[in-house]
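**Student:** Here it is, the structure in full.
No lab work stands behind these numbers, since they all come straight from the coordinates. Source: prediction; values computed, not measured. In this analysis, Cβ positions are derived from the backbone assuming ideal geometry, glycine residues included, and neighbour counts consider all displayed protein chains.
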Ligand SMILES: Cc1cc2nc3c(=O)[nH]c(=O)nc-3n(C[C@H](O)[C@H](O)[C@H](O)COP(=O)(O)OP(=O)(O)OC[C@H]3O[C@@H](n4cnc5c(N)ncnc54)[C@H](O)[C@@H]3O)c2cc1C
Ligand code: FES
Ligand code: FES
């Protein structure tokens with residue numbers, strides 16, 4: 001690891017100032033992606049700004065009938081939260097499937113979405129629920145936030161502060177995990193909302209996306225059988241040692257069916 | 001260099017560290033607590049698990065500066081008054097280790113499980129150990145040891161009531 005200067009500010013304002021004052025400064029949340037990256041010398045920040053001591057960035061609360069979760073809230077806290085279980089249980093289930101106990105104890109919502117790993121779970125939850133990302137500068141709809149493989153709409157000096165999730169009528173997440181890392185080979189988040197059915201797919205492509213064919217079929221009939229007749233194309237899907245594009249296309253349907261069945 | 005201060009196994013310690021120093025390096029090289037092992041150094045194997053403020057974490061994936069001000073417990077902090085912790089005793093009695101390299105991490109990880117859930121099922125134990133790899137045992141006796149420790153700890157808790 002290259003060396004760097006370390007800061008642990010107590011307020012968002014201080015963190016923003018540190019980013020502005022040091023051009024090559026980077027944010028540190030749970031470190032479960034960034035520390036391995038630093039160890040491999042794939043990044044060389046001059047400064048690390050640790051967000052963990054900023055109280056206003058952490059916590060879970062009900063807001064406008066939905067949920068607001070602070071950026072530095074760890075996965076384990078979301079998985080164990082009674083509020084999340086009551087308002088959007090599918091989100092607690094999703095958090096429970098991330099990595100392992102120790103990764104969930106440190107890894108955070110804000111870190112996961114800012115990193116936007118193509119196989120990460122939270123992006124499917126955000127896009128599936130039609131969530132809004134709140135940052136130090138603005139609010140961004142989830143669909144506009146995730147822009148590509150490991151890419152987001154965030155500016156260099158922008159900090160995710162929280163995510164707001166509206167409450168769906170029904171929702172569930174089904175994931176086919178890589179047995180070693182638990183990252184999604186394919187993960188499908190299905191939600192029935194007042195605005196229609198939303199189906200978000202992670203792991204299968206370079207970035208989370210909505211499966212419109214499945215949404216149309218499920219809008220007509222929200223039942224696992226409705227998925228049967230839909231054809232999901234393998235075009236542009238990921239292909240690697242874990243799964244071919246065709247297999248991933250197949251898994252999208254299987255996971256969608258399981259999610260609809262689980263949503264009830 | 002920044003100075004970090006933390007409570008390790010009940011004892012307050014301070015040391016100067018480069019910000020890039022990992023918590024496991026501080027524990028092993030700075031404090032000589034070599035019970036915490038480094039297996040993969042890539043966040044996969046769980047040999048390096050310690051508790052920070054009551055939660056199990058991979059100390060190869062945390063900086064020492066992040067633990068400034070925290071309460072840290074390592075495998076060396078479990079035995080009390082010359083008595084092995086029930087988890088240590090159970091691994092000993094149930095042949096829960098062969099080479100022993102993964103054992104400190106297995107014990108520190110399962111300790112958090114038993115603190116949250118004193119009576120886990122076998123499936124819950126296996127699922128909890130997702131982040132702990134063992135190259136020797138095939139896990140069977142590790143799971144057996146943890147279930148035995150859970151029973152022993154429930155027995156002690158009942159006797160104390
Ligand atoms: C063994 C292992 C298994 C895993 N399995 C899974 C899995 O199954 N599913 C899954 O989804 N993930 C998995 N992960 C990743 C895990 O969820 C990480 O926690 C997550 O990707 C990053 O979150 P973090 O808080 O650790 O962020 P960090 O590693 O600290 O930061 C990640 C990036 O985000 C930036 N960042 C952090 N916070 C903010 C913020 N508030 N605003 C702007 N930028 C920010 C950082 O600068 C950095 O570039 C796994 C990780 C490991 C080590
Ligand atoms: S050494 Fe830390 S997880 Fe393997
Ligand atoms: S006992 Fe050898 S690695 Fe587990």
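**Student:** I'd like to compare B:76-86, A:91-101: which one has the highest average count of other Cβ atoms within 10 Å, and what's the full order after that?
**Tutor:** Ranked by mean Cβ neighbours within 10 Å, highest first: A:91-101, B:76-86.
**Student:** Need one value for A:46-53: mean number of C-beta atoms belonging to other chains within 10 Å of its residues' C-beta atoms.
**Tutor:** Going residue by residue through A:46-53 and averaging, the value is 2.
**Student:** Looking only at other chains, what is the average number of their beta-carbon atoms within 10 angstrom of each beta-carbon in B:18-30? Can you show the working numbers first?
**Tutor:** On the way: counts 4, 9, 9, 2, 3, 0, 0, 0, 0, 0, 0, 0, 0.
Per residue, the average neighbour count from other chains is 2.
**Student:** What angle, in degrees between 0 and 90 and rounded to the nearest 10, separates the Cα long axis of helix A:245-263 from the longest principal axis of the Cα atoms of chain A?
**Tutor:** 80
**Student:** A follow-up question, please. So between residue A:2 and residue A:181, what do we pick up on full extension, going 0.36 nm a residue minus the alpha carbon distance?
**Tutor:** Working it through step by step, the gained length comes to 61.8 nm.
**Student:** Something else about it: How large are Rg and Dmax for chain A when only the alpha carbon atoms are used, in Å?
**Tutor:** Answer for chain A, Rg first and Dmax second: 18.2, 56 Å.
**Student:** Please work out the FRET efficiency for the pair residue A:13 and residue B:42, using the Cβ-Cβ distance as r and a Förster radius of 51 Å; give the result to the nearest 0.05.
**Tutor:** Given R0 = 51 Å and the Cβ-Cβ separation, E is 0.90.
**Student:** With n ≥ 4 as the cut-off for DSSP H runs, can you work out [θ] at 222 nm for chain A, using -39500 (n - 2.57) per run divided by the number of residues, rounded to the nearest 500?
**Tutor:** -9500 deg cm²/dmol
**Student:** Could you work out how far helix B:103-116 tilts from the main Cα principal axis of chain B, as a 0 to 90 degree angle to the nearest 10?
**Tutor:** Long axis of B:103-116 versus the principal axis of chain B: about 70 degrees.
**Student:** Could you work out how far apart the two model spin labels at residue A:219 and residue A:41 are, taking each label as a point 7 Å from the Cα in the direction of the beta carbon, and quote it in nm?
**Tutor:** For residue A:219 paired with residue A:41, the spin-label model returns 5.3 nm.
**Student:** Let me ask something additional. I'd like the FRET efficiency for residue A:261 and residue A:143, computed as 1/(1 + (r/R0)^6) with the beta carbon distance as r and R0 of 35 Å, rounded to 0.05. Before the final figure, lay out the partial values.
**Tutor:** Values: r = 25 Å, r/R0 = 0.73.
Here the calculated transfer efficiency is 0.85.
**Student:** Let me ask something else. Between residue A:233 and residue B:127, how many nm apart are label points set 7 Å from Cα along the C-beta direction?
**Tutor:** For the pair residue A:233/residue B:127, the computed spacing is 3.8 nm.
**Student:** Still on this structure, I have one more. How far is the Cα center of segment B:106-161 from the Cα center of segment A:191-222, in Å?
**Tutor:** That distance is 40 Å.
**Student:** Go ahead and collect, in residue order, the members of segment B:121-148 whose backbone nitrogen is under 16 Å from a label point 7 Å along the Cα-Cβ direction of residue B:98.
**Tutor:** In segment B:121-148, the label zone of residue B:98 (backbone N under 16 Å from the point 7 Å along Cα→Cβ) covers B:133-144.
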